[in-house]
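Colleague: This is the structure I want to talk about, given as structure tokens.
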């Protein structure tokens, strides 16, 4: 132990700010009730924006809370993406939930707390800190999934998520205890030192359980089963939130754990990641074909996308982590954009979510159809849209790391997934028109336009982003 | 804009205006625009011709760089020297005449603007070819004329035979072009450039590796390059083995046959060999091959011409045969003679074709000579012009006084072949003499069958026979003037005593090449025998078709195998069909049905079925909605992973 009192609170300024802000807003909510929902909502968004600013301006790296917390470029990049996604999700959720008549001041607060949990996960530098951050995020999400407690679907989704999440937490904790038992430490710093040399079987089993727990959070196969049901059951804006920010945090955590303390054991964990990535890519590509509900389709799409991001992790190199970060950042924008279109699918105020409801959209609402087409083409990996570059970077890293089979499977499954992405385009542009949707509200319009611009023209300004993500990936390997 | 560039640009302009304007312009505008521009280009080319051959100064105008990567550089350029100037007047004069002629000939057609645009496009490509200063631009022009030729042969695309002929021409040319392309690649490989000047300089300074390694064999550099390039020439100029497309190309409208398949495009091969004379001069084996192929073609095509019944096919085989003469002249090193014959032949062969077109026009589209006859009084002008063309082709003249165009050029070719004093030279000389007899024979056979004796056409057709309008006849007079005067006027320049001044640096003769000089010092009998051969052929034809009219049938019966061999064109089409076409079709059908249909499509459909119908539904069914099922899957997953690790690392 180098220093007993090394709190270094300054390094955790964004997290501390978010914690204080959420508590203050909670008091406000308790006092003002549901009438203050809008105020709390926009205050939450403002808090996230300030947190982003704090993260972005403070370039200092180091350990805080006696080594439980780490701040580095990697954490900063992942946090900015997660916070940004959360902020957008809160904005659209406020608007959309109000349309459904659900006005609860808890919703933005819970999302804010979940964001805090994500930040702690991303910066976790200890198995205990990892667990605390994870649970803070998860508990908030369980409640958010069931926010429409008057509908069966929403409560069922929340309950399923909670029960299976508890199981995964158990696995994670069991794995952590095994690791602690066989290495004598929970700190990532000391673990890394303790794990040098021939790893023991107990440690490997602990690692497997730990990975299983994390794989659940990113909904990688075979720990994905909750995803389609929860995505379908939760209210659409909540699903959009689930599909974006928590995935980034969990993926960042996954990368930090495997590259940091278990970096020496990469031969061992790579096998898990490869298997999980291959299964996710295949299942994500194939199972989505049979889906009729667009939210379930997006669930499988996110499973597949997680598989592609894991390809970057499997490479285990700085280039691979760079690919993973870029992939997740691009994925978040595409996902939010696609969900914004799904949220716009309303007839007489009622949301519809069948793929067939999109038929002939190009005739009634051309802008909406073009936007979704751009997202779908981007997800299918068609250049010059951003999705292509995400795939390009992870596959490139896999090739450089010698994982040819993985890259080939990745390319093949993206061909398969192109089928269902482009089928949506076909439905919108070539099928006979049905009743048009309601007018798209301004907030969604803004989100859609922003996402379309980023996805379509992002490659023009990709240089600085890639510089940032490269620095972030390198920082993970520096320690 | 400089006049050289204008010559090339005017046809392009015409092709663009008329091609893009097409039906909006209307027939008349299309005809007058293209013909007007071509007449202007013709006048300019004559100016340039007299300028260059008078001053003897060659020049190159570089328009802009086409591409440049490393040392691989090619520019769009207009290279004007004596060689390209000769080609300019040939191409533009014949082209302008054919344009004007087409105004009359094609006036019934449904798509006149398209026809005129194709013709002008062809002219542009041909000019690009002849004015190139590098191999790449030459190849561009080469392929461009191939394309225009394809389009024009298949101009009447509603006729299956025209489409088949167009495809055949394109494919057979592909064989030659493959050789040409390989030759160009080889040139770049050896010389590191594709521009003529540096390549020629390297050859002339002896700066060429004598051989290069190919699959372990030492291949003599220049011989290999020249042979590859000559394969390209064989394809374009319809030489033996690659000649089969030319007779079929007669499916195109007759003005096309006159311009492309007689006067200009088919002579591109001869032009190429002359243009590359600095290379061929130092590749003796390649030159011998050129001589042998040329002489064989001259003989072989003439034998077929004896028995054909389609008026255009007779002239087509005659063209093929005359191209053979040009090639063997170039092969023995008499480039001047080759170019001279190219020059005169362009006039009289275009004249013959356009006369044939006039006859066909008069006979309501009939091309079979067996259904003609007895029309010389009805179309006397065409008849007279046809005589001029044939006299020029047969090479008739009075030595020392006057001769038709072919008299000078063919004589100088045969004299050069004799003067080569080599085995292949004598081979070419004697086949050339026999060919000359046959040439004269089939030419007069054509005249007698077409114009004389009893009419064999139906009464109705005979009733319609009429002389062509003046817009068709006027170009014939211009060409006839060429057939009458081109020989005597330019003899001294092309092959005579002023040869050295005339050609300047455009054509290269090696120090060892004495053929052009020796050709003037051959024995008297060699000088007279070509004329004698021509007169013999005319006499034989006159006897067989005017006096003893049963004779042709009797001879055909007596020499039936020979007759059939000639009549069936030496069975080349049948042999190629069996050797190449059928196996290719069988292979293609196999790859299509078996390879593409069963394997490729089958694999794709099977994979789609597997993923879309089979796996996707099964995966979706896994999603039961029961939490305990989901938990079970997670546990199975972790058990599998742990088991795997225990077995992999537990030892």
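Throughout, read-outs are computed from the coordinates displayed, never taken from laboratory work. Quick caveat, the model's predicted, so the values are computed rather than measured. Heads up, the Cβs are rebuilt from the backbone with ideal geometry, glycines too, and the neighbour counts pull from every protein chain shown.
Colleague: Using the number of other C-beta atoms within 10 angstrom as an exposure proxy, rank B:593, B:236, B:410 with the fewest first.
Modeller: Result, fewest neighbours first: B:593, B:236, B:410.
Colleague: In whole angstrom, how far apart do the alpha carbon centroids of the stretch B:395-455 and the stretch B:209-277 sit?
Modeller: What the calculation gives is 23 Å, centre to centre.
Colleague: For chain A, take the longest principal axis of its alpha carbons; what is the angle in degrees between that and the long axis of helix A:462-478, to the nearest 10 within 0 to 90?
Modeller: 30 degrees
Colleague: So if we plug the beta-carbon distance of residue A:453 and residue B:570 into 1/(1 + (r/R0)^6) with R0 = 51 Å, what FRET efficiency do we get, rounded to 0.05?
Modeller: The formula returns an efficiency of 0.10 here.
Colleague: Quick one: B:341, B:28, fewest Cβ neighbours within 10 Å first, how do they rank?
Modeller: Ordered by Cβ neighbours within 10 Å, fewest first: B:28, B:341.
Colleague: Per Stokes-Einstein, at 37 °C and 0.692 mPa s, what whole-number D in µm² s⁻¹ belongs to the stretch A:265-478, with the Kirkwood radius over Cα pairs as the hydrodynamic radius?
Modeller: Answer, rounded: 186 µm²/s.
Colleague: Enumerate the whole-percent occupancy of each 10 Å bin, from 0 to the last occupied one, for all C-alpha pair distances of chain A.
Modeller: For chain A, the pair-distance distribution reads 4, 22, 33, 27, 12, 3, 0, 0.
Colleague: Just grab the label-to-label distance for residue B:71 and residue B:55, each label 7 Å out from Cα along the Cβ direction, in nm (one decimal).
Modeller: Here the modelled spin labels are 3.3 nm apart.
Colleague: For the protein assembly as shown, what is the calculated [θ] at 222 nm in deg cm²/dmol (nearest 500), taking -39500 (n - 2.57) for each run of four or more DSSP H residues and dividing by its residue count?
Modeller: The helix contribution divided over the protein assembly as shown gives -23500 deg cm²/dmol.
Colleague: Which ordering of A:262, A:216, B:50 is given by a fewest-first count of other beta-carbon atoms within 10 Å?
Modeller: With the fewest neighbours first, A:262, A:216, B:50 line up as B:50, A:262, A:216.
Colleague: Further question on the same structure: Can you give me the distance in nm between label points at residue B:603 and residue A:466, each placed 7 Å from the Cα along the Cα-to-Cβ direction?
Modeller: For residue B:603 paired with residue A:466, the spin-label model returns 3.3 nm.
Colleague: Additional query: Once a ≥ b ≥ c are taken as the square roots of the eigenvalues of the Cα gyration tensor of the stretch B:577-649, is the result rounded (a/c under 1.5), prolate (a/b larger than b/c) or oblate (a/b not larger than b/c)? Can you show the working numbers first?
Modeller: On the way: a/c = 13.10, a/b = 2.69, b/c = 4.87.
Since a/c reaches 1.5 but b/c is at least a/b, the shape of the stretch B:577-649 is classed as oblate.
Colleague: Continuing with the same structure: Just how far, in whole angstrom, is the stretch B:162-201 from the stretch A:263-313 if you go by their alpha carbon centroids?
Modeller: 53 Å
Colleague: Moving to a separate point now. For the stretch A:116-162, what's the relative contact order in percent, using C-alpha pairs closer than 8 Å and at least 6 residues apart?
Modeller: Values: 49 pairs, mean separation 13.1, N = 47.
Contact order relative to length: 28 percent.
Colleague: Sort all Cα-Cα distances of chain B into consecutive 10 angstrom bins from zero, then give the percent of pairs in each bin up to the one containing the longest distance.
Modeller: 3, 15, 25, 24, 14, 6, 3, 3, 3, 2, 1, 0
Colleague: Same structure again: Give, in nm to one decimal, the length gained when the segment between residue B:364 and residue B:32 is fully stretched (0.36 nm per residue of separation minus the Cα-Cα distance).
Modeller: 117.0 nm
Colleague: Next question, about the same structure. At what distance in angstrom do the alpha carbon centres of the stretch A:152-195 and the stretch B:569-647 lie from each other?
Modeller: For the stretch A:152-195 versus the stretch B:569-647, the Cα centre distance is 40 Å.
Colleague: Return the FRET efficiency for the residue pair residue A:36, residue A:408: r is the Cβ-Cβ distance, R0 is 35 Å, and the value is rounded to the nearest 0.05.
Modeller: 0.05
Colleague: Given a Förster radius of 30 Å and the C-beta distance between residue B:5 and residue B:110 as r, what FRET efficiency does 1/(1 + (r/R0)^6) yield to the nearest 0.05? Intermediate results must be reported in sequence, preceding the final value.
Modeller: Numbers: r = 35 Å, r/R0 = 1.17.
Efficiency, rounded to the nearest 0.05: 0.30.
Colleague: Compute the distance in nm between two label points, each set 7 Å from the Cα along the Cα-to-Cβ direction, one at residue B:466 and one at residue A:446.
Modeller: Inter-label distance under the simple model: 8.3 nm.
Colleague: Helix A:442-457: angle to the longest alpha-carbon principal axis of chain A, degrees 0 to 90, nearest 10?
Modeller: Rounded to the nearest ten degrees, it is 60.
Colleague: If you don't mind, another one. Report, to the nearest 10°, how far helix A:73-99 tilts away from the longest principal axis of the Cα atoms in chain A, using its own Cα long axis and a range of 0 to 90°.
Modeller: 30 degrees
Colleague: May I pose another question? In square nanometres, what is one fourth of the surface area of the convex hull spanned by the alpha carbons of the protein assembly as shown?
Modeller: Answer in nm², one decimal: 57.7.
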